[in-house]
Amino acid sequence: MLPPRPNGLQSSLFLASSDNHEPRMNSDQIRESPAESASSWPAIDAAAQMKHENQKVEDDYYEQSVTRGRSSANRISLLDIARERVDIISEQMYLLPNEYLDELKGRLRAMLEGNGSSQQRDEFMVLQRLVQRRSDLTAETLIKAHRVQLEIIVAIKSGIQFFLHQSMNLSQTALVEVFVYKRCRNIACQSQLPAEDCLCEICTNRKGFCSLCMCVICNKFDFDVNTCRWIGCDSCAHWTHTDCAIRDKQVGTGASSANGLGSAELQSRCRACNRTSELLGWVKDVFQHCAPTWDKESLLRELTVVSKIFRLSENTRGRQLFWKSEELIEKLKGGVAEAIASRSILSFLQELEMDSQKSSEAGINGRMMPPQEACSRIAEVVQEAVQKMEIVADEKMRMLKRARQALEACDHELEEKGKEVAELKLERQRKRQQIDELESVVRLKEAEADMFQLKADEARREADRLQRIALAKSGKSEEDYASSYLKQRLSEAEAERQFLFEKIKLQDQGSRSSQSNDMVDPPQALYTKIQEILKSV
């Protein structure tokens with residue numbers, strides 16, 4: 001019997017974790033490995049190749065889709081890398097900036113992630129066909145390629161996006177060996193092919209197949225170790241997914257010579273060597289080696305796998321293991337500690353092994369069983385069957401009780417939700433009433449504001465009118481003051497003029513006889529002064 005899973009892969013699990021997840025044993029929480037991406041993008045089969053045989057149509061289609069990301073005519077695209085000569089593209093890539101090369105890798109990585117449209121998938125299929133059809137991509141030409149160019153070509157052919165990741169540290173030679181199927185494409189394995197120089201039909205005929213980490217049915221690989229999800233062949237040490245073996249009808253009942261009686265046991269048939277391996281002992285070995293280290297989720301998952309396997313069993317031991325697995329699954333879901341469940345399944349497997357040894361010894365001795373002992377054995381079998389039926393009935397009753405409790409809880413929750421809905425409706429009505437009140441207050445305030453605005457406009461108009469009146473009155477008062485002032489000045493000037501005229505007359509009369517030739521004529525000076533006075537007025 002093989003060990004649960006080759007532990008040699010455990011030391012290199014971290015290498016293949018492109019998302020920097022810590023690798024864990026027997027956990028589905030590890031993200032799907034790049035290898036799953038590879039299996040999701042399988043090599044194009046004959047039917048697909050016949051469907052896309054016209055190369056010109058493919059190139060035209062891809063020119064319209066992939067090359068739209070090119071920034072300029074002098075820069076290369078994924079299409080150029082997939083179909084042009086290695087040396088020409090290598091020379092051009094050495095001249096390109098690193099930012100553009102990272103953009104190329106990011107574009108291909110987006111196609112491989114599978115989150116885009118179906119058009120991206122079609123674009124990748126065109127690229128993969130172009131790479132697969134080329135005969136010039138040999139180890140001699142690829143060893144001279146640009147590093148990014150080689151990573152893109154290997155990623156296109158294998159469909160594994162990890163070859164585009166920044167943390168990928170494989171050498172140029174290792175990448176070339178992966179491309180030419182001389183090295184395992186699983187980053188966690190990296191074994192030389194064929195692994196361990198295996199010369200079986202599968203290892204020699206399947207290109208890129210690694211018997212150490214890949215399933216002989218689906219060719220996929222993952223990072224599950226110490227688990228019942230992988231079945232190993234006792235003869236050739238090839239591995240198969242449990243689900244693949246069940247789906248491909250490689251698990252069934254067959255004659256076993258392990259107990260010396262040739263009884264029917266559940267067995268797995270290896271696709272590589274066509275030999276069978278007994279599954280009950282394999283499950284016992286896995287649980288004995290690994291169950292003490294499993295957490296609750298892992299134990300529940302492994303019991304589910306065992307239940308799925310031994311549901312197909314037709315013999316007593318297999319059915320008992322199936323019933324025990326179902327029982328422990330229900331107990332774990334009900335809150336039983338994983339340590340108790342682990343000890344229970346291990347004790348049960350040991351009891352099955354002891355019963356098998358006792359049956360084998362009884363068969364080897366070949367003695368005739370007395371009637372009384374036979375009746376006792378029959379009674380024991382009947383009693384055991386009755387106990388099993390009682391256990392099943394109890395389980396059904398517990399399930400029915402849990403269902404009723406769940407229904408009552410749902411009814412209670414429904415009532416609570418109804419009350420919450422009623423409260424929400426009342427709260428909504430209160431809020432609506434408050435909103436209406438606030439709207440009425442707002443309308444009142446708006447009416448008051450309009451009224452005050454009207455009064456303010458009227459006051460502004462009245463102020464303008466009073467200002468105009470004040471200005472008019474101010475101008476009229478100034479005019480009246482100026483008029484009165486002028487009249488007063490005019491009367492003063494007239495009085496002064498009259499005084500001067502009188503003075504002139506007196507001077508004319510008194511100075512006609514005594515005026516000398518050198519004196520200025522007084523009347524003329526007086527006339528000049530009168531004119532100045534009149535001008536000033």
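Here, each number is a calculation from the coordinates, and none is a lab measurement. All values derive from a computational prediction rather than experimental measurement. All Cβ positions, glycine included, derive from the backbone under ideal geometry; neighbour counts span all protein chains shown.
Values for this structure:
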item	result
Sparsely packed GluC sites (Glu not before Pro) within the range 476-516, loop by DSSP, other Cβ within 10 Å at most 10	none
Pairs of Cα atoms farther than 16 Å apart, the range 74-179, %	54 percent
Listed pairs LYS220/LYS333; LYS207/LYS284; LYS207/LYS308; LYS331/LYS401; LYS401/LYS425 exceeding 25 Å between Cα atoms	LYS220/LYS333; LYS207/LYS284; LYS207/LYS308; LYS401/LYS425
Contour minus Cα-Cα distance for GLU446 and ASP136 (0.36 nm per residue)	103.1 nm
Virtual spin-label span in nm between ILE504 and ALA110, 7 Å along Cα→Cβ	11.4 nm
Label-point gap, in nm, between GLU99 and GLU408 - each point 7 angstrom along Cα→Cβ	6.8 nm
Trypsin sites (Lys or Arg not before Pro) restricted to the range 103-159 and DSSP loop, no more than 13 other C-beta within 10 Å	LYS144
The range 74-179 - percent relative contact order, Cα under 8 Å, separation 6 or more	32 percent
